[in-house]
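Q: What follows is a single structure, and I will ask about it in a moment.
The values are calculated or read from the model by the stated rules, or taken from the named source; none is laboratory data. Just so it is clear, the structure is predicted and the values come from calculations on it, not from any experiment. In this analysis, Cβ positions are derived from the backbone assuming ideal geometry, glycine residues included, and neighbour counts consider all displayed protein chains. Quick note on the areas: whole protein, heavy atoms, side chains included, nothing else; ligands and nucleic acids left out. Shrake-Rupley method; radii C 1.70, N 1.55, O 1.52, S 1.80 Å.
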Amino acid sequence: MEDNNTYKELVIAKKAIFEAGNLLLKNKASLKEVILSSNKDVKLKADIDAEKIIKTIIENNSDYPILAEESGFSAETIPKIFWVVDPLDGTANYARSIPICCVSIALISDLKPILGVIYDFINNDLYEGSIYTKALVNDKEISVSRVRNSQEGILITGLPNNTDYSDNALLKMIKDFQNWRKVRMIGSAAMASAYIASGKEDLYKEKKRIYGM
């Protein structure tokens, strides 16, 4: 994808993410209705409504299909280029008024990211970047931490729904934590990625996913 086309799609993503974020911020009381609940997860009306807004804007302005968390793929087969949408990452936090959640949108080509935007709508922070543009938050350039030693660093992690909570698994996790100065769990993988990109934390690790350092 050429840089001018990438910029066009980035503008579309930012429009969609702002609309969804504003909806989630201004209509929280009505959007906290629980649609689905399990022992380890919860889905709200917020997830559904925010996704509808994002999909409508993208479908009206972009030719690429969408893989969305709530509704799945809009194409029958995996195309070369497609959107990936998480309308509300950190749903449990949002439901309990813990101020760490966001909207996340990416454009993928050959299963590699071309661009990404993350909107921390509670703090009005927009993280963005692409293969042709710098990583920014609110139009200011950001960079990852320079810390390279775990003993001086902050690890950010999470416990996905299929986490093994057995004694052996948890003991292994704790032994890994002991290598770090501090460990944080914030309940939003997308926000964790944004914190790594902006140098707030040093490494994000969740099972086999590792970002930073």
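Q: Per 0.36 nm of contour for each residue apart, how much would the distance between residue 61 and residue 96 grow if the chain were fully extended, relative to their Cα-Cα spacing? Let's see the in-between values first.
A: On the way: separation 35, 0.36 × 35 = 12.60 nm, distance 3.41 nm.
Length gained, residue 61 through residue 96: 9.2 nm.
Q: Another question about this same structure. Calculate, in nm to one decimal, what residue 30 and residue 124 gain on full extension: separation in residues at 0.36 nm each, minus their alpha carbon distance.
A: Gain on extension, residue 30 to residue 124, equals 31.8 nm.
Q: Which one of 65, 79, 87 has the biggest mean-square fluctuation once the chain is modelled by GNM with Cα springs under 10 Å?
A: Among 65, 79, 87, the largest GNM mean-square fluctuation belongs to 79.
Q: In straight Cα distance, which lysines are under 28 Å from residue 140, not counting same-chain residues fewer than 8 positions off?
A: Filter leaves 8, 14, 15, 26, 55, 112, 182, 200, 205.
Q: Can you send over the carbon and sulfur percentage of the accessible area for segment 105-184, probe radius 1.4 Å, protein chains only? Can you show the working numbers first?
A: Working: 2510 of 5070 Å².
For segment 105-184, the apolar C and S fraction of the accessible surface comes to 50 percent.
Q: GNM on the chain, C-alpha springs below 10 Å: top fluctuator among 80, 28, 52?
A: Maximum among the listed residues: 80.
Q: Can you tell me the dipole magnitude for the chain around its Cα centre, using point charges on the Cβ only (Lys, Arg +1; Asp, Glu -1), in Debye to the nearest 20? Numbers along the way, then the final one.
A: Numbers: 28 positive and 29 negative charges, 153 e Å.
Computed about the Cα centre, the dipole is about 740 debye.
Q: Continuing with the same structure: Given Cβ point charges of +1 (Lys, Arg) and -1 (Asp, Glu) and nothing else, what value in debye, to the nearest 20, does the dipole of segment 1-86 about its Cα centre take?
A: Values: 12 positive and 15 negative charges, 81 e Å.
Rounded to the nearest 20 debye, it is 400 debye.
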